[in-house]
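K.L.:
Shown below is the structure under consideration.
The values are calculated or read from the model by the stated rules, or taken from the named source; none is laboratory data. On a predicted model such as this, the values are computed, not experimentally measured, just so you know. No Cβ is skipped: glycine too gets one built from the backbone with ideal geometry, and neighbour counts run over all protein chains shown. Quick note on the areas: whole protein, heavy atoms, side chains included, nothing else; ligands and nucleic acids left out. Shrake-Rupley method; radii C 1.70, N 1.55, O 1.52, S 1.80 Å.
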Amino acid sequence: MRSDMMKKGLERAPHRSLFKALGLTDREIDRPMIGIANSANEVIPGHIHLHTIAEAVKAGIRMAGGTPLEFSTIGICDGIVMGHEGMKYSLSSRELVADSVESMGMAYPFDGMVMIPNCDKIIPGMMMAMARLDIPSILISGGPMLSFENRGRDVDLITVFEAVGKVKTGAMSPEELCELEGCACPGAGSCSGMFTANSMNCLAEALGLALPYNGTIPAVHAARVRLAKETGMQIMNLVKLNLRPSQIMTKKAFENAITVDMAFGGSTNTSLHLPAIAREAGLKLPFELFNKISDRTPHLCSMSPGGPHHLQDLDAAGGIPALMAELARKNMIATNVLTVTGQSVRKNIKGKKVLDPNVIRPLERPYHATGGLSVLFGNLAPGGAVVKKSAVDEAMLKHKGPARVFDSEEKGIRAILDGKIRKGDVVVIRYEGPKGGPGMREMLGPTSAIAGIGRDRDVALLTDGRFSGGSRGAAIGHISPEAAEGGPIGVVRDGDVIDIDIPNRRLNVLLPEAELKKRLAAWKPQKRELKGYLRRYARLVQSANTGATFED
């Protein structure tokens, strides 16, 4: 056993003494030791209940003859840090989570590990660590929050964000907003639409790193606790089989995950996280691959924020296994790849059926003929830009308009809420990329403000930052190279005409080539005073088309 390095032999008597100080018996020390990375805290509603999940995992491990040893990681809630300086620490925390789990997994040679995340950056951070450590590992999330019915419609966190703009324009009263904020997030779980957290939890399942239904069983359902116990028992099987992430995280498995992502119309942030995870596994997922898979994958699920359905609806419709079975019906996914069940995808989805064809449409009747995400290229985004096209109004798929340029999120959102953005404008928010922010802040505030004032059908938003999985409208992010690296977005001026062509995946500023080159030659980087972690992060991080990974 790997853990023998810290517990076997005469020389390890001091080590055993320390384990006994924890209350462990000789029998517990002799058993396989399983590390549990738990990101529970009292700050994130998606993580408030993770101690319950961890206890269930431990029960499963003990039932299967192992010894669980739990440790903690940090976790940041994108919703709570949205719109202020705290958001700079969200994406950047992904690397801290990966580093901390790697550090624990190397310092303590566990025989296997269970990862317990639930929200945005913690999930990919833990999967990155799984790839680095390459010991038997499995992920179990805390599950999605339920949506809530208010005044005859299902509401969620995004409803509240968009309501702020409605109050600003007089379309909603402050009293109605107060009522909404009290019910839109009814309890524990990751926010209930197909936002980044739920997208990544579903993709962990599609990638083969979590048991079936990990992405969709609601946080408050007893089935989530049962799944946690099954996860605890299954890690012991993985240890016996020595089934490691490197055997699961293959190129075909990542292509499966991207295919599922396109079918359910996931968050644009998946195009950051999947390449970053793949990089740790020694693989490359270029932006072009997302377009290639999008072209061949129909969009089958209309999930909030772009559609009416929430995660509990997808779960009731058969979950990710049913969606994958539908895709497999026309050979759109590789079914011979291994998963943490110890079985292939083919065996995992055998007999799984779609239980609600309104939530998971058949391949013959998709919402859209191609996938939910697109990567755009052009003179404004030579390295690419990402849009959740399934959440874009048809009228905005092609758009030309004058640029309204802002060098920070705060300046942009202030102009939107003060009524200074007009029909047809293209709002450009720059110096918010991984290096320029630093930290690549999400722009849910601006996109929700645009939707809230009723401009999501005639105003576009471009940024070298990123968007929440809850954003909708013509919101194009991840523009690479970013402004802070001298990308073309850094030299756009007020009034320049921006040409957006999502169907043909083009994003251009309509300037003569000579004029663009002249501006780029004259560009100078902004000087910013940074300290602490953000200073180190800005020095190491690369643009979004790399997955915002660190330089080698």
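K.L.:
Examine the stretch 221-233 for a residue that is closer than 22 Å to E42 by Cα, open to solvent by 10 Å² or more (accessible area, probe 1.4 Å) and in contact (Cβ under 8 Å) with a residue 24 or more places away in the chain, and state whether such a residue exists.
P.N.:
yes
K.L.:
Can you report the number of residues in the stretch 1-50 which are closer than 30 Å to G79 by Cα and surrounded by 16 or more Cβ atoms within 10 Å (Cβ to Cβ)?
P.N.:
Number satisfying all stated conditions: 14.
K.L.:
Separate question: Could you say which residue among G79, G125 is touching a helix residue (DSSP H, G or I) at 6+ places or on another chain (Cβ under 8 Å), in a helix (DSSP H, G or I) and open to solvent by less than 10 Å² (accessible area, probe 1.4 Å)?
P.N.:
Of G79, G125, the one residue that is touching a helix residue (DSSP H, G or I) at 6+ places or on another chain (Cβ under 8 Å), in a helix (DSSP H, G or I) and open to solvent by less than 10 Å² (accessible area, probe 1.4 Å) is G125.
K.L.:
Scan the stretch 105-119 for residues that are of a type outside the set (V, I, T) and either surrounded by 20 or more Cβ atoms within 10 Å (Cβ to Cβ) or in a loop (DSSP other than H, G, I, E, B) (or both) and jot them down.
P.N.:
G105, Y108, P109, F110, D111, G112, M113, M115, P117, N118, C119
K.L.:
Being surrounded by fewer than 24 Cβ atoms within 10 Å (Cβ to Cβ), touching a residue at least 24 places away in the same chain (Cβ under 8 Å), more than 16 Å from I123 (Cα to Cα) and in contact with an Asp or Glu (Cβ under 8 Å, 6 or more places away or on another chain) is the requirement here; does R244 meet it?
P.N.:
yes
K.L.:
Looking only at the stretch 308-344, which residues are under 20 Å from L243 (Cβ atoms) and touching a strand residue (DSSP E or B) at 6+ places or on another chain (Cβ under 8 Å)?
P.N.:
Those that are under 20 Å from L243 (Cβ atoms) and touching a strand residue (DSSP E or B) at 6+ places or on another chain (Cβ under 8 Å): T335, N336, V337, L338, V340, S344.
K.L.:
Being of a type in the set (A, V, I, L, M, F, W, C) and closer than 18 Å to G465 by Cβ narrows it down to one of V101, V81, so name that one.
P.N.:
Step by step, each of V101, V81 is checked, and only V81 is of a type in the set (A, V, I, L, M, F, W, C) and closer than 18 Å to G465 by Cβ.
K.L.:
Another question, then. Return the residue satisfying two criteria in turn: it lies in the stretch 1-52 and is among the small types (G, A, S) and part of a helix (DSSP H, G or I), and of such residues it is nearest to M104 (Cα to Cα).
P.N.:
Looking at the filtered set, the residue picked out is S3.
K.L.:
Also: I'd like the full set of residues that are in contact with a Gly (Cβ under 7 Å, 6 or more places away or on another chain) and at pLDDT 95 or above, limited to the stretch 274-293.
P.N.:
Scanning the stretch 274-293 gives P275, A276, R279, I293.
K.L.:
I would also like to ask the following. Answer yes if at least one residue in the stretch 508-520 is open to solvent by 90 Å² or more (accessible area, probe 1.4 Å) and either among the small types (G, A, S) or over 13 Å from P488 (Cα atoms) (or both), and no otherwise.
P.N.:
no
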